[in-house]
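Enquirer: First the structure, which I've put down as structure tokens, then a few questions once you've had a look.
Each reported figure results from applying straightforward, stated rules to the coordinates on display, with no laboratory input. All figures in this text were calculated on a predicted structure; none of them were measured in a lab. Positions of Cβ are generated from backbone atoms using ideal geometry, with glycine treated the same way; all protein chains shown enter the neighbour counts.
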Amino acid sequence: MPRSANQKLKLLCLCKILWERTDEEHPLTVPELIQALEAWDIRAERKSIYDDMEALRTFGLDVQNRKGKAPGWFLGERPFQLAELKLLVDAVQSSKFITQRKSRELIRKLESQASVHQARQLQRQVYVDRRVKSMNESVYYTIDKLHTAIANRKAVTFKYFEYNVQKEKVFRREGKRYIVSPLGLIWDNENYYLAGYDHHREELRHYRVDKMAELAVTCLPLEGVDGELDIASYAQKHFGMFSGREGQITLRCANRLVGVVLDRFGREAMLVPDGADHFTVTVPAVVSPQFLGWIFGLGDGVRILRPDWAAEEMRRQLAAVAALYQ
């Protein structure tokens, strides 16, 4: 049998065929594999296919051969199971910081980890979640640069903006660049935030990653950093990543809210019984409008006991909102 120029690619082509076209529900028989190879102008005999499959097994691929009612060869175990790919697709599609275009690109790459038949199940999930997506396409690459800066312990510079009612970018500080020593990235309320030391304000602050522009990693070493920042603790204290006055806040809660409190502050929070129907808990928190809104959302089940300034802030917030409806 004459050999074509592509004959040396036979094993690679078989691997590609198995990866893309087969799974447990869709095996290919030997004649079908031979026919598929012909598309690359590769000749094959039945016996050589068996030898090639054994070679692929030796290489580490989970090549399986099923006999009986639906016989054929297929690729069994893959790096990602179909259920895992579905979870990843859902996570990408529902992530607000990833734009629609980047979501589609990532999902196509995830689909390539399954057979074409399984990929159709992933495609049906793409449009399940129609939530608002980020308008900042560069955020995907900004995150990568920030990881590099954190790993190399170098400061970064960037411009920071908000959107006006015309959906135009309006830069803060009149477009002057921020210089920040990055300490960690935080995923909160479906957004990415950078926590770091602001060289201009000389204090620890955080910034929405999708509102950064023209980010650059510098050669400047980190400043204002004494040891490592506990990112988890920092994120837990900032409700919705809003800023405010920080303190140890004591709450008196109805017993029915034990689960709510533990979900928010973790199982390490110390709950102290206070009568038959209530308990108190003291937690570190930044008293921001978002924090007060969380308290208000729990109705009469929660009351701020201490400190007095936090309770007074709650009264001022309630009075300001009530005045809007008078």
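Enquirer: For a protection proxy built on the mean count of beta-carbon atoms within 10 angstrom, sort 38-44, 199-205 highest first, please.
Expert: Values: 38-44: 14.6, 199-205: 12.6.
Result, highest mean Cβ count within 10 Å first: 38-44, 199-205.
Enquirer: Summing -39500 (n - 2.57) over the DSSP H runs of n ≥ 4 in the chain and dividing by its residue number, what mean residue ellipticity at 222 nm do you reach, to the nearest 500 deg cm²/dmol?
Expert: Value at 222 nm, helices only: -11500 deg cm²/dmol.
Enquirer: Summing Lys, Arg as +1 and Asp, Glu as -1, what charge do residues with Cβ under 14 Å from the Cβ of L298 carry, L298 excluded?
Expert: Numbers: positive: R252, R256, R264, R303; negative: D263, D300.
Local net charge: +2.
Enquirer: I need the calculated FRET efficiency for the pair L298 and Y50, taking r as the beta carbon distance and R₀ as 51 Å, to the nearest 0.05. Intermediate values should be presented prior to the final figure.
Expert: Numbers: r = 67 Å, r/R0 = 1.31.
The value I calculate is 0.15.
Enquirer: Quote to one decimal, in nm, the extra length available between I231 and L305 on full extension: 0.36 nm per residue of separation minus the C-alpha distance between them.
Expert: Details: separation 74, 0.36 × 74 = 26.64 nm, distance 2.73 nm.
Taking I231 through L305 to full extension adds about 23.9 nm, to one decimal.
Enquirer: So, R0 is 41 Å and r is the distance between the beta-carbons of L324 and L220; what FRET efficiency does that work out to, to 0.05?
Expert: Working: r = 46 Å, r/R0 = 1.12.
Computed FRET efficiency for L324 and L220: 0.35.
Enquirer: For every other residue with a beta carbon closer than 11 angstrom to the beta carbon of F161, add +1 if it is Lys or Arg and -1 if Asp or Glu, then tell me the sum.
Expert: Working: positive: K159, K169, R172, R173, R208, K211; negative: E162, E168, D210, E214.
Spelling it out: positives minus negatives among the neighbours equals +2.
Enquirer: Can I ask one more? Which whole-Hz ³J(HN,Hα) couplings does the stretch 211-219 yield from phi under the Karplus relation 6.51 cos²θ - 1.76 cosθ + 1.60, θ = phi - 60°, glycine and proline marked x?
Expert: 9, 8, 9, 6, 5, 9, 8, 9, 9
Enquirer: On a C-alpha basis, how far is the centre of the stretch 63-123 from the centre of the stretch 255-326 in Å? Whole number, if you could?
Expert: The two parts, judged by their Cα centres, are 44 Å apart.
Enquirer: So what is the relative contact order for the stretch 139-232, in percent, with contacts set as C-alpha pairs under 8 Å and at least six apart? Before the final figure, lay out the partial values.
Expert: Working: 178 pairs, mean separation 31.1, N = 94.
Dividing the mean separation by the residue count of the stretch 139-232 yields 33 percent.
Enquirer: Multiply the residue separation of H147 and W40 by 0.36 nm, subtract the distance between their alpha-carbon atoms, and state the gained length in nm to one decimal.
Expert: On the way: separation 107, 0.36 × 107 = 38.52 nm, distance 4.23 nm.
34.3 nm is the gain from fully extending H147 to W40.
Enquirer: Gaussian network model of the chain, Cα springs within a sub-10 Å range: biggest mean-square fluctuation belongs to which of V180, V283, V92?
Expert: Result: V283 has the largest fluctuation of those listed.
Enquirer: If you don't mind, another one. With r as the distance between the Cβ atoms of K169 and H26 and R0 = 56 Å, compute the FRET efficiency 1/(1 + (r/R0)^6) and round to 0.05.
Expert: Rounded to the nearest 0.05, the efficiency is 0.70.
Enquirer: Evaluate the relative contact order of the chain (contact order divided by residue number), counting alpha-carbon pairs under 8 angstrom at least 6 apart; express in whole percent. Before the final figure, lay out the partial values.
Expert: Numbers: 474 pairs, mean separation 35.4, N = 326.
RCO, the chain: 11 percent.
Enquirer: Go ahead and collect, in residue order, the members of the stretch 272-299 whose backbone nitrogen is under 14 Å from a label point 7 Å along the Cα-Cβ direction of M314.
Expert: Zone members listed by number: 279-283, 285-299.
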